[in-house]
Amino acid sequence: MSFKLQIGEMRTEYLTDKEIWGHFNYIFSSKSKNSTTYKYVLIKSMLENLYNVNDSLELSYDRLFSSFAKIYWNLVIHHQLNQINMTGKKAEVQNILLDIQSQFNIPSTLVFDKLSPELQVEVINKVKKKCKLNVMGALYGDTDQTIYDFNNKTEMLRYNQTFYSFMQRFQRILNYLTNYQLAVFLEKFNEKGNTTNLLMKVENVSKRSSLDQFYFLLSSYYNGSCFYCGKSIKRKQLAHVDHFIPWSFVQTDQLWNLVISCSTCNLAKNDKLAEQDFLSLLIDRNEELLKEKKILIREDMKMYREKKLVELYTFSIDNGYTDFWRPKKRII
Ligand SMILES: [Zn+2]
């Protein structure tokens, strides 16, 4: 039984697109054993962390399971959604989270990013410890032992190179597909009333309630003007933290992809890509940021490479972000 495996090595190096689509078809079909939402949430977590890998395409479980635990917290506690295909029963991850919730008396309204940093770490560690045992082997088995290596002792996953490139090229459609399948599952096994706008809930389950922590970090390193138009931003209320590559594509918040912009630019840019010259500006901005010790020790910045940002920009165009934007006027 592959889901019980604790270490798995890839059986192949090269996969064609057709083979990989075949694996996804299988995962989302009734042939695959999906008694809980684990596989969907694992795929979502892998997509969110595509650019958090090191140069050997390895991803630490700490990163992977911080997405996994966050998604589950928001689904189980915040949206109160059942995660198993039986009514009256609960998936293991639900029990872990509900225990923590009652132990610390946490109201259901609280989303993951509103928990204290210490509590977030506790949630991540507890979820990781239990869930890694079944989840990693299950997806590995379902994909014919081809898409990644994993080791539950060293807590590392390594993407197959061709699978990694596939995920980059089809990131947007894979996100849609996974969210849709997750919503379908949840709709089947949750009582009415909880499921209103289920797809919208699933699509936004990773979104932070506030980007303030990034504002405070970035505001000490910028000159008080909008990244795009250059106008000075007088009051904090008028400053927005903007995802340079739109959030709808990256589904994650990495400091190297965040800039401070005026509200006019942020609202006008919306879900579009800024024109290429802004990419060069952001590369320079990140170089500057990396000179700061406080920034350098951040996990997201440790994984930052100029090449990754350029790739992300190129792949967002390939994934259909072809609507370019620039501010009407720019003060240099
Ligand atoms: Zn502006």
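The values are calculated or read from the model by the stated rules, or taken from the named source; none is laboratory data. Every value quoted in this text rests on a predicted model; they were computed, and no experiment measured them. As a convention, Cβ positions derive from the backbone with ideal geometry for all residues, glycine included, and neighbour counts pool all protein chains shown.
State all residues of segment 126-157 that are of a type outside the set (Val, Ile, Thr), under 24 Å from Ser102 (Cα atoms) and in contact (Cβ under 8 Å) with a residue 60 or more places away in the chain; if no residue qualifies, say none. Spell out how you get there, then give the answer.
Just the residues of segment 126-157 that are of a type outside the set (Val, Ile, Thr), to begin with: 126, 128-134, 136-142, 144-145, 148-153, 155-157.
Right, trim to under 24 Å from Ser102 (Cα atoms) and you get 126, 128-132.
Within segment 126-157, Lys128, Cys131, Lys132 meet the criteria.
Which is within 14 Å of Asn179 (Cα to Cα) and over 10 Å from the mean Cα position of the chain (by Cα), of Tyr61, Tyr72? Break it down into steps so the answer makes sense when it comes.
Numbers: Tyr61 fails: within 14 Å of Asn179 (Cα to Cα).
Within the list Tyr61, Tyr72, the selection yields Tyr72.
Might you check whether a residue that is part of a helix (DSSP H, G or I), among the aliphatic types (A, V, I, L, M), over 28 Å from Glu306 (Cα atoms) and in contact (Cβ under 8 Å) with a residue 12 or more places away in the chain occurs anywhere in segment 43-54?
At the first step, the residues of segment 43-54 found to be part of a helix (DSSP H, G or I) are 43-48, 50-52.
Keeping just the survivors that are among the aliphatic types (A, V, I, L, M) gives 43, 46-47, 50.
In the following step, the residues that additionally are over 28 Å from Glu306 (Cα atoms) were identified as none.
Checked against the condition, which is being part of a helix (DSSP H, G or I), among the aliphatic types (A, V, I, L, M), over 28 Å from Glu306 (Cα atoms) and in contact (Cβ under 8 Å) with a residue 12 or more places away in the chain, segment 43-54 yields no hits at all.
Looking at segment 282-303, can you tell me whether even one residue there is under 19 Å from the mean Cα position of the chain (by Cα), part of a loop (DSSP other than H, G, I, E, B) and within 24 Å of Ser206 (Cα to Cα)? Explain how you work it out, then say what you get.
The initial filter retains those residues of segment 282-303 that are under 19 Å from the mean Cα position of the chain (by Cα), namely 298-303.
When the remaining residues are screened for being part of a loop (DSSP other than H, G, I, E, B), the result is 298, 303.
Now drop any that are not within 24 Å of Ser206 (Cα to Cα), which leaves 298, 303.
Yes, because at least one residue in segment 282-303 is under 19 Å from the mean Cα position of the chain (by Cα), part of a loop (DSSP other than H, G, I, E, B) and within 24 Å of Ser206 (Cα to Cα).
Can you find, within segment 267-281, the residue that is surrounded by the fewest Cβ atoms within 10 Å (Cβ to Cβ) among those that are within 16 Å of the ligand (Cβ to nearest atom) and part of a helix (DSSP H, G or I)?
Asp277
If you take the residues in segment 300-332 that are among the basic types (Lys, Arg) and within 16 Å of the ligand (Cβ to nearest atom), which one is nearest to Arg63 (Cα to Cα)? So that I can check it myself, show each step before the final result.
Looking only at segment 300-332, we keep the residues that are among the basic types (Lys, Arg), and these are 302, 305, 307-308, 326, 328-330.
Filter once more, keeping what is within 16 Å of the ligand (Cβ to nearest atom): 326, 328-330.
On the way: Arg326: 33, Lys328: 39, Lys329: 40, Arg330: 38 Å.
Going through the qualifying residues, I end up with Arg326.
In segment 304-323, what residues are under 17 Å from Asn49 (Cβ atoms) and either modelled with pLDDT under 95 or of a type in the set (Phe, Trp, Tyr) (or both)?
Tyr304, Phe315
Being out of contact with any helix residue (DSSP H, G or I) (no Cβ under 8 Å at 6 or more places or on another chain), at pLDDT 95 or above, surrounded by fewer than 18 Cβ atoms within 10 Å (Cβ to Cβ) and part of a helix (DSSP H, G or I) is true for just one of Asp62, Asp99. Which residue is that? Spell out the reasoning first.
Working: Asp62 fails: out of contact with any helix residue (DSSP H, G or I) (no Cβ under 8 Å at 6 or more places or on another chain).
Of Asp62, Asp99, the one residue that is out of contact with any helix residue (DSSP H, G or I) (no Cβ under 8 Å at 6 or more places or on another chain), at pLDDT 95 or above, surrounded by fewer than 18 Cβ atoms within 10 Å (Cβ to Cβ) and part of a helix (DSSP H, G or I) is Asp99.
State yes or no: is Lys207 over 19 Å from Lys18 (Cβ atoms), surrounded by 15 or more Cβ atoms within 10 Å (Cβ to Cβ) and of a type in the set (Lys, Arg)? Spell out the reasoning first.
Numbers: over 19 Å from Lys18 (Cβ atoms): yes; surrounded by 15 or more Cβ atoms within 10 Å (Cβ to Cβ): yes; of a type in the set (Lys, Arg): yes.
It is true that Lys207 is over 19 Å from Lys18 (Cβ atoms), surrounded by 15 or more Cβ atoms within 10 Å (Cβ to Cβ) and of a type in the set (Lys, Arg).
From the list Ile96, Ile106, Ile100, Ile124, exactly one residue is under 20 Å from Phe185 (Cβ atoms) and out of contact with any strand residue (DSSP E or B) (no Cβ under 7 Å at 6 or more places or on another chain). Which is it?
Ile96
Could you grab me the full set of residues in segment 241-266 that are more than 10 Å from the ligand (Cβ to nearest atom), touching a residue at least 24 places away in the same chain (Cβ under 8 Å), assigned to a helix (DSSP H, G or I) and over 23 Å from Glu287 (Cα atoms)?
Within segment 241-266, just Phe249 meets the criteria.
Quick one: would you say Ser220 is among the hydroxyl-bearing types (Ser, Thr, Tyr) and modelled with pLDDT under 95? Before the answer, list the steps.
Numbers: among the hydroxyl-bearing types (Ser, Thr, Tyr): yes; modelled with pLDDT under 95: yes.
Judged against the criteria, Ser220 is a match.
What tally of residues in segment 177-187 results from selecting those that are surrounded by fewer than 22 Cβ atoms within 10 Å (Cβ to Cβ) and closer than 17 Å to Gly22 by Cα?
Qualifying residue count, segment 177-187: 2.
May I ask you to list the residues in segment 224-240 that are within 13 Å of the ligand (Cβ to nearest atom) and either among the aliphatic types (A, V, I, L, M) or more than 26 Å from Glu48 (Cβ to Cβ) (or both)?
Result: Gly224, Ser225, Cys226, Cys229, Gly230, Lys231, Ser232, Ile233, Lys234, Leu238, Ala239.
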